[in-house]
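The values are calculated or read from the model by the stated rules, or taken from the named source; none is laboratory data. Here the structure is a predicted model, which means the values were calculated and not measured. All Cβ positions, even for glycine, are placed from backbone atoms using ideal geometry, and neighbour counts span all protein chains on display.
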Amino acid sequence: MHFSNPSALYALLALPAILLIHFLQERSRRVRVSTLFLLEHAAPISVGGARIERLRNSLPLWLQLLAALIVTWLLAEPRWTRQDSRQSIAVVLDASISMSAFQENLEPTLSKALAPWSRAATTTDWLLTLSDTRLPTLYKGTDLSALLDTLQSFSPSQGTHDPTNALLLARSLVKATGTVLFITDHRPATLPSDTGLIALGTPIPNIGFAGLTTTSSSSSSSSSSSSPSPLPNPQSAIRNPQSSYSALVRNPSPTPQTREWWTELPQAPPGSQLTAKQSLTLAPGQSLTLSGTFPPNLDQVILHLTPDAFPIDDILPIRRPQPRRLLAEIRLPSGPTRQLFTTLLTSLENLDLPTNSSSSSSSSSSSTPVERAAGSPPISGGEAAPPDLLITELGESVPTHAIQFTAAGTGSTTALDPAPVVADNHPFTRDLDWASLLTPTPADLTLADTDQPLLWKGGKPLALLRQDTQDDGTRTQRLLLAWNPAESSAARNPAILILLHRFTEHLRTQKRAFHADNFETHQPLHLPSPPKSPRTLTTPKSSSSSSSSSPLSPNTAPPLPAFFDLHEGDTHLLSAAAHFGDTRESDFTKSETLDETTALRRQSTLKQTEADPLTPLYLLALISILLLSWTRTP
């Protein structure tokens, strides 16, 4: 049984009001006299108005109380649940990590909020899902207590995301007659009109890490000796004592916050891993930067803040970065073109260039001095390795990635073509100014089906990206230039340098080599594809687990702050640290507690119940009671 209008139960307050009125009634006294002139002496004298007298048992009293009960019953509109009633309810949980601050209140809040829904029908089909459609369904069944037990394994870890797709999917599962409830800790910006909202958050003070940057201040090095130059050892960490980090601490709370912070060095000897704690006070909305350097021979640093109600952003693991590097070789004779490419490539980061390479370099195992970009770390010892990038004239066979150009014409005789350069919509050329690039008339380049044009001039491709497949099945890319850059304004055009930077960065990120870096939680790792062997991602707590039982995805950083390693088969590809950096999730100023499902629950109750069939009899009884009470009143 349900009441369609529960607020009508306040009409029961009429019962004590009726009793109070009967308490205040004074019994009339009958006085018998023999003559009328004595009546004035027997008149009662008021001594202060009505007084509370003893409650007298009378028929009008009970009739009035019964009438008040009937009126309350009719106003509350009782409805009776049908025996064949069945409803479908989809509960969508907000998977954002901010929900972890209120996880202790989740089960009691939902138990209180969902209990009235379970009584609205004889059978209720429950569906418990998450606001991220990539995550699995938590529960599907008819037992509310089993649904509540499932909440014990609920561990929110996602960043800020839009729950609309999950809500629409839940609506399609429960059909138009079902109900969708969204459980979160704050009021979302948008919500489908047919979705009920239950929020269980409260504004809580919070202070935490909000960002991280790492820098390396090593000086550039350039060697011109003829002795062999060592090439990088991919498994060795770079020991650069000048590598530094800067961590941003933020207080989004509306009140000043004071915390203690300290540094942990996991790789240091026991007894020297923790530094002394220091006090930190931030005003409302204030941000502060904590800076430091990596100790020599240590690659891992952890910054700590005093834990609060949201401890996810109170820990910041930091890994000394070690980028992947490209080894380039210029196979050109001495001259303006070779000098131009040398100048351009040595200005790029994370790229090594042998200074004595020439067009006669046919062996990939030759050892030559290497030039490095400014700010790049030194290269450790090892045997010679083949180059990752070759710069040659167009027409020469290359076994790896390459930049090739047409060498027709000479700098003294080639005339510049005044036709404008038009850029195709490609990530390598987008948002760059090509109007100032002056080149000769481009040579004829035949476009293959897999070619991606980058620049056009006079209806001819001026630059394009070509995909090749080597004899061993390896896929390589070539940047083809239909002109000689030394015979153009390329040396004075920043767009050319940015084009080379984007191309080499793309090749570097696709290089299958060890590197170390820092990521935000859930950030894509952008690893070379396709993988040659199964990939496994492990953290210190899960490193002993087998790859088949690890729940961590090898394509994204872990969901919680931690150091982690990624292997491709037996090859160690990545050593990194994941930190929390979503400042929207760490701001609890808009968290609130509310339940906006009353109207939806009333509509669902009307569908699953039927009106009281005795309502006409109650009305007839009410009219009879009123008439009888009126006739019996003295």
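A few notes on this one:
- Residue pairs meeting the criteria (Cβ under 7 Å; at least 6 apart or on separate chains; first closer than 19 Å to Thr509 by Cβ and among the hydrophobic types (A, V, I, L, M, F, W, C), in the stretch 348-361; second modelled with pLDDT of 60 or more and part of a loop (DSSP other than H, G, I, E, B)): Leu351/Arg325
- Search result, residues across the stretch 167-186 that are within 22 Å of Ser591 (Cα to Cα) and in contact with a Leu (Cβ under 7 Å, 6 or more places away or on another chain): Val180, Phe182, Ile183, Asp185
- Residue tally, condition over 26 Å from the mean Cα position of the chain (by Cα) and part of a loop (DSSP other than H, G, I, E, B), over the stretch 268-315: 16
- The residue that is farthest from Ile198 (Cα to Cα), among those in the stretch 595-610 that are surrounded by fewer than 18 Cβ atoms within 10 Å (Cβ to Cβ) and modelled with pLDDT under 80, is Glu610.
- Selection status of Asp433, touching a helix residue (DSSP H, G or I) at 6+ places or on another chain (Cβ under 9 Å), of a type in the set (Asp, Glu), modelled with pLDDT of 90 or more and surrounded by fewer than 16 Cβ atoms within 10 Å (Cβ to Cβ): yes
- The test for being outside any strand (DSSP E or B) and either touching a Leu at 6+ places or on another chain (Cβ under 6 Å) or in the same structural domain as Thr179 (by TED's automatic domain parsing) (or both) holds for Leu135.
- Residue match in the stretch 479-486 (condition: touching a His at 6+ places or on another chain (Cβ under 9 Å), closer than 25 Å to Leu326 by Cα and modelled with pLDDT of 90 or more): yes
- Some residue of the stretch 538-553 being buried (at least 19 other Cβ atoms within 10 Å of the Cβ), over 23 Å from Phe294 (Cβ atoms) and modelled with pLDDT under 90: yes
- In the stretch 490-520, the residues that are in contact with an Asp or Glu (Cβ under 8 Å, 6 or more places away or on another chain) and within 19 Å of His579 (Cα to Cα): Ala516, Glu520
- Any hit, the stretch 283-296, residues being touching a helix residue (DSSP H, G or I) at 6+ places or on another chain (Cβ under 6 Å), within 18 Å of His579 (Cβ to Cβ) and not assigned by TED's automatic domain parsing to the domain that holds Phe519: no
- Count - residues of the stretch 618-632 that are at pLDDT 80 or above and among the β-branched types (Val, Ile, Thr): 2
- Of the numbered criteria (1) closer than 30 Å to Leu394 by Cα; (2) outside the structural domain of Phe405 (by TED's automatic domain parsing); (3) of a type in the set (S, T, N, Q), the one Asn350 fails is (2).
- Which listed residue, of Arg331, Arg325, is more than 31 Å from the chain's Cα centre (by Cα), crowded, with 17+ Cβ neighbours inside 10 Å and at pLDDT below 95: Arg331
- Failed condition for Ala578, given (1) in a loop (DSSP other than H, G, I, E, B); (2) under 16 Å from the mean Cα position of the chain (by Cα); (3) touching a residue at least 60 places away in the same chain (Cβ under 8 Å): (1)
- When the stretch 66-121 is limited to residues that are assigned to a loop (DSSP other than H, G, I, E, B) and in contact (Cβ under 8 Å) with a residue 60 or more places away in the chain, the one that is nearest to the chain's Cα centre (by Cα) turns out to be Ala95.
- Selection within the stretch 130-178 - over 24 Å from Ala562 (Cβ atoms) and of a type in the set (S, T, N, Q): Thr133, Thr137, Thr142, Ser145, Thr150, Thr164, Asn165, Ser172, Thr177
- Among residues of the stretch 241-255 being over 26 Å from the mean Cα position of the chain (by Cα) and not hydroxyl-bearing (Ser, Thr, Tyr), the one that is modelled with the highest pLDDT is Gln242.
- Every pair of residues 6+ apart whose Cβ atoms lie under 6 Å, when the first sits in the stretch 581-593 and is in the same structural domain as Glu520 (by TED's automatic domain parsing) and closer than 18 Å to Leu197 by Cβ while the second is of a type in the set (Asp, Glu) and not in a loop (DSSP other than H, G, I, E, B): none
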